[in-house]
Structure formats: structure tokens, C-alpha cells
Amino acid sequence: MSINTTMNWKQAKRAAKMNPSVIREILKVVDKPGVISFAGGLPSPLTFPITEFATACAKVLGEDGKAALQYAASEGFAPLRVQVAAGLPWAVDPDQILITTGSQQGLDLLAKILIDEGSKIIVETPTYLGALQAFTPMEPQVVSVASDEEGIEIADLKAKAKDARFLYVLPNFQNPTGRTMTEARRAQLSAAAAELGLPIIEDNPYGELWFDEHPPLPLTARNPEGCVYLGSFSKVLAPGLRLGFMVLPKALYPKILQAKQAADLHTPSFNQRIASEVMQGDFLEKHVPMIRKLYKSQRDAMLTALAREMPVTPGNPDQSVTWNSPAGGMFLWARLPAGMNAVALLPKAVDKNVAFVPGSPFYADNADPRALRLSFVTASVDQINIGIKALADAIKEAMKAA
């Protein structure tokens, strides 16, 4: 017998602050046959080491299957924590490593522990959309600091940093812009943060995806007690594992661990053991260069196609499509001619079977309506050529109609 009642599910006010991922909503729209998507931030499945995973699964289950399928320590699988610490370019105690369910969980845990309602936090302009999603439900005051092609502008940071809980920054091949913070700017930022007493959350999911030159030393290596470092296995192994890690100052570790325990008890122990097994020996030293080579070829193809197809008026960037040339990672950042709007352009591009992500969701405030993000790693060279031409045609038609 069923009871017909109307329940009044009262939601916490923070629920109103939660918004769907703009990118994932776009992916639903463009997920149809024939659409060439430069929208998603997905690694290329061509890079997934499927054979090695199959071998590792059999070995883990065969040698210690009961432990692999059991509850485990919240801190993470001890051998994996040792491997993570050993792979970092500064001295790290494995006891400072916390394995997370994707690096996105690290952002969520930090938000819960570090942000009160009304707390000031500082982000780059623009910044990672997923971080804004993680921070916003805690109802902070999000302040954008000016950024240029070298990274955070130090003078603007100093002007805005008073009483800020932390600065969130992606120094390497940033999502969405693809830019990399220079060595000089990192040195200035580290010095300024120490002077201001401003903690830094350093997010580095793309740092191993450099093309020609290794990026400068992480900010955390310069001031380990003043920074939290976030890393990910999604870009060098596979995102389906949902494995990330945090390097935490010892003073902060206990509270973040408590938040982790409340969130999910622990990251799946089976996945951790598989990753640890796959990474034995020199696997990453052989595997990651293959990823770099593939992504560099795709970046080069997109840069060539942009130069060939996009409308450019020499000496007049307001009447041109402009773009950068990232030194690694998965994205490049483009800007439409004056008067155009990337959100309005998107459906016109989809009609021509090509998709991108408008740049506006990546801004905490004062969004640039002309900006857009292009991902180059999941499309073949042929698809890049076809897709960029289709995008250029959509832009040219919109310019004529304006």
C-alpha cells in the first residue's frame, strides 16, 4: 500500500549556490554523430595503457585480492604515497601525501576546511571552472586578480590580498588558457605570498604534459609550509580511475584527513593498487613522453589550421581572431573579433558540426564575452583541420551578419 504525501524537502541555502558544469552541459548538446568537439577537457583515450592495466588487475587480484577489495586507510595506499613523494621535484615526506578521489575532491576538501561564509579567496583571471564550482557552495567572496601571459600580476595581488584565506593558482599549462607562469613571476609570487602571509593552493594536473621544455619549479617547492599542492593521475594514466593527491603542510593534514573520512572514507583501494602496480619501475618515464609527442603534434596541427583559416586583419586585433601558443597541456585560448560573443557563436558552430567552450564561465567576475577555449587532444589531425575550418566559417558568417 502506497501513501500519497507531498514532502517539503527544504534545501540548505548553499544548495542554491551549486550550478551544473557548463562544460558538461555543452557536451550533452554536442554529443551527436558528426560533431567535432574541441569542447571537452578529456585526455586522449589513445594514451590509456590498457594492456598494462589488464596485467596489473590480474596481479593485484591474484596476489592480494582480499585486501584490494576491502576497506582501507583514509590516507591512501602506503606504497602509492611513497611513489608520489618520490616523483616530486622537492623533498616530501610520504606522510604529507593524501590520496584523493580525483584532484577535484582535493578542491572540495579545501573548500570545506578553509572557507567560511564571506571569506575572501583570490583566483586568477580567468581560472579553472571546477575550482569555482567547488568553492562557491561555501559562499566565499571570490576576488579575481589581474593576470597576463606570464601569470598573476603581483601589484594587483598585493592590492587585493588583505584578509584573503588563500590564492588558488594553476601555474602550468593552465585550464582554460594554456598559459604557463614564468620563472621570474613564480619567484615574485612566492616572495609576495610570504610577505603577505597568503597561503597558496597550487593545482598542477597538466605539469607533466610539457612539449619542449620542463616548466619551472613548483611554487610549493619554494615554500612547502605555505602551499597546498594538488596533483592528478588522470592526465598521465586514465581519468576513469578517479585518482589524485594532495601534498599538505603537516599543520593542515589532520583536518583535511577528517574531511576526507567524512566524504568517502577512502579512495577506492583497488584503483590505488592498480595504479601503483602500473607505475612500478620506469613505466611513466616511457609512457608520458608518448603522450607529450601526441599532444604536441595535435597542438601544432591546430595552430597551423588557425593560421590558415581564421580571419585576421594585420595590425588590428579587434578585427581579428587571436590565439596563444601553449607550451604544453591540452588547451589553447582564443579571442573573437570586437562585438562578437562566444556564447552566441556556439550554436552557429554546432550547426556546422564543430564545438568549443565559451570562455565566460571561467571568470569569477567581469567575464570576457569574446574568449573561448579549444581543446586539441581528442581530435585527430584531419578532424582538427575540418573542425577549425568549420569554426572559421561560422565566425566569418557572424562577422558579415553583424
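Figures for the structure shown
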| item | result |
| --- | --- |
| Of residues in region 324-345 being of a type in the set (A, V, I, L, M) and in contact with a strand residue (DSSP E or B) (Cβ under 6 Å, 6 or more places away or on another chain), the one modelled with the lowest pLDDT | 343 |
| Region 365-381: number of residues that are closer than 10 Å to residue 298 by Cα and part of a loop (DSSP other than H, G, I, E, B) | 5 |
| Set 61, 109: member being surrounded by fewer than 16 Cβ atoms within 10 Å (Cβ to Cβ), modelled with pLDDT of 95 or more and among the aliphatic types (A, V, I, L, M) | 61 |
| Qualifying residue in region 40-50 (condition: surrounded by 21 or more Cβ atoms within 10 Å (Cβ to Cβ), closer than 19 Å to residue 241 by Cα and at pLDDT below 95) | yes |
| Criterion: within 28 Å of residue 210 (Cα to Cα), of a type outside the set (D, E, K, R) and crowded, with 21+ Cβ neighbours inside 10 Å - qualifying residue of 346, 306, 294 | 306 |
| Some residue of region 386-401 being in a helix (DSSP H, G or I), modelled with pLDDT under 95 and under 25 Å from the mean Cα position of the chain (by Cα) | no |
| Where residue 120 falls short, out of the listed (1) surrounded by fewer than 19 Cβ atoms within 10 Å (Cβ to Cβ); (2) on the phi < 0 side of the Ramachandran plot; (3) not assigned by TED's automatic domain parsing to the domain that holds residue 274 | (3) |
| Region 277-297 residues that are under 23 Å from residue 41 (Cβ atoms), paired with ones that are among the basic types (Lys, Arg) (beta carbon under 8 Å, 6 or more apart) | 291/235 |
| In region 47-67, the residues that are within 30 Å of residue 297 (Cβ to Cβ) and part of a helix (DSSP H, G or I) | 47, 50, 51, 52, 53, 54, 55, 56 |
| Sole exception among (1) of a type in the set (Val, Ile, Thr); (2) within 28 Å of residue 142 (Cβ to Cβ); (3) without any contact (Cβ under 8 Å) to a residue 60 or more places away in the chain for residue 312, by number | (2) |
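The values are calculated or read from the model by the stated rules, or taken from the named source; none is laboratory data. Because the structure is a prediction, the values reported are computed rather than measured. Methodologically, a virtual Cβ is constructed for each residue, glycine included, from the backbone with ideal geometry; neighbour enumeration extends over all protein chains shown.
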